[in-house]
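Derivation of every value follows stated rules applied to the coordinates shown; laboratory data play no part. Please read these numbers as outputs of a predicted model, since none were measured by experiment. Cβ atoms come from the backbone with ideal geometry, glycine included; neighbour counts cover every protein chain shown.
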Amino acid sequence: MTRSMQSFPSEASHRRQAYGTKVAAIAVFAAIFLAPVLVPAQTARPNFRRHPVSLAKPLTVYFVDVEGGHAALYVTPSHQSLLVDTGWPDHNGRDADRIMAVVKHADLDHIDYLLITHYHADHVGGVPNLVQRIPIGNFIDHGPNRETTNAPTQQGFEAYQAVLAHSNAKHILARPGETIPLAGLTTTIVSADGKVIATPLPGAGQPNPYCKTTPTRPQDQTENGRSDGIVLQYGKTRIVDLGDLTWDREMQLMCPDNRLGRMDVYVVSHHGWYPSSSPAFVDGIAPRVAIMGNGETKGGTPSVWDIIEKSPRLKDLWQLHYSAEGGLQHNVAAAYIANLKGASIKNGSDGHYIRLLAYPDGRLVVYNSRTQQSKTYPAVQ
Ligand SMILES: [Zn+2]
């Protein structure tokens, strides 16, 4: 299932490091480590069966190219699924089709949970197209639209409400501190509707030294700051995906104490655009791998790129697109970019995705569907 990465071009690495080639023997470790986080599979809906956990299997995450929007499909070891956001409306259903391409790859016939982080068009816009293509078990969102003065946002919200009204799916209101019941991992909502968790995640809560060097910013008044954010923990592996959560809310989460702790994978907030990714947050979570859902002309701000690249534990940043704003100095090497310069302008993009395999011992494998090559990051000992 995991492609060999031996032919991955070493000259393309923008950070010198040895490629991990070992296939870790993780089963014993996983069996020991996973025991405390196992939760009973939820059977609230009649069509939901119990999902046995296969300890050696990875959590798989597909980062879909929705041209500067957000759509990330999490498929658990027991084949449950969580889709975070749906990309844009229109374009003849382009983004829903791209989501369906990875849905097919993951061999899913439904999506268990669809989390809508907030109501901007690049996140909620794809919902009407998507529900025509695949059943959704549960919709999760932060409640009412808080940016009613913005016409496209209100339109996106209303289109989503129409879908909810005609759906038999369960509707769940996201609240910080609650969990999404995916078997074998712990998926905690850490932000929703402008609020963040009041108490640290287990093991977190240490003072964050990066707060005092990070300037504060005024409270965001848009839907971005209302984003539902999640932290997924699978064994030792931790992934954070905060939608478009803004700098001010990041600092509420991270200062003065770091309520999240360290992360292995940072799903870069807000397409790598400057209103998010404060140093207090990025340096505080200190990811080993970051995956940025920028478009060629949206997101990928050089200042954010620098903050991520300079964060203390980073091995690699991956980009869904070349960033025009980043130019020569602020783009990663081509091997780490799913859609190269001009892809979206000339061809409507080829829609290449990035796939992450996250193993419970901390081993990560990142795959670029354009190059069809993978890179392995060994577990941190
Ligand atoms: Zn966005």
Original post:
Can you list the HN-Hα couplings for region 188-205, worked out from phi with the Karplus curve (6.51, -1.76, 1.60; θ = phi - 60°), rounded to whole Hz and with x for Gly and Pro?
Top reply: 9, 7, 10, 8, 6, 6, x, 9, 10, 4, 8, 10, x, 5, x, x, 9, x
Original post:
Under a straight-distance cross-link criterion of Cα-Cα below 20 Å, which lysines are reachable from Lys212, leaving out those fewer than 8 residues away in the same chain?
Top reply: Lys310
Original post:
If we count other beta carbons within 10 Å of each Cβ, what is the order of Lys195, Lys310, fewest first?
Top reply: Lys310, Lys195
Subject >> Modelled FRET efficiency - R0 30 Å, Lys170 with Lys310, Cβ distances, 0.05 increments >> reply: 0.10
**OP:** Considering Cα pairs under 8 angstrom that are at least six residues apart, work out the relative contact order of region 247-381 and quote it in whole percent.
**Re:** 16 percent
**OP:** Express the relative contact order of region 109-210 as a whole percentage, based on alpha carbon pairs under 8 Å and six or more residues apart in sequence.
**Re:** 23 percent
**OP:** Would you kindly state how much longer the chain becomes between Leu328 and Lys212 on full extension, computed as 0.36 nm times their sequence separation minus their alpha carbon distance, in nm to one decimal?
**Re:** 38.6 nm
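Shape verdict for region 311-379, please, from the Cα gyration tensor: rounded (a/c under 1.5), prolate (a/b greater than b/c) or oblate. It would help to have the intermediate numbers written out before the result.
On the way: a/c = 3.17, a/b = 1.58, b/c = 2.00.
Here region 311-379 falls in the oblate category.
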Original post:
For region 281-345 and region 248-280, what is the separation of their Cα centres, given in Å?
Top reply: 16 Å
**OP:** Within 10 Å of each residue's Cβ, count the other Cβ atoms and sort Tyr234, Tyr274 from fewest upward.
**Re:** Tyr274, Tyr234
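Across every pair of different alpha-carbon atoms, what Kirkwood hydrodynamic radius in Å does region 231-328 reach? Don't skip to the answer; put the middle values down first.
Numbers: mean 1/r = 0.0762 Å⁻¹.
That comes to 13.1 Å for region 231-328.
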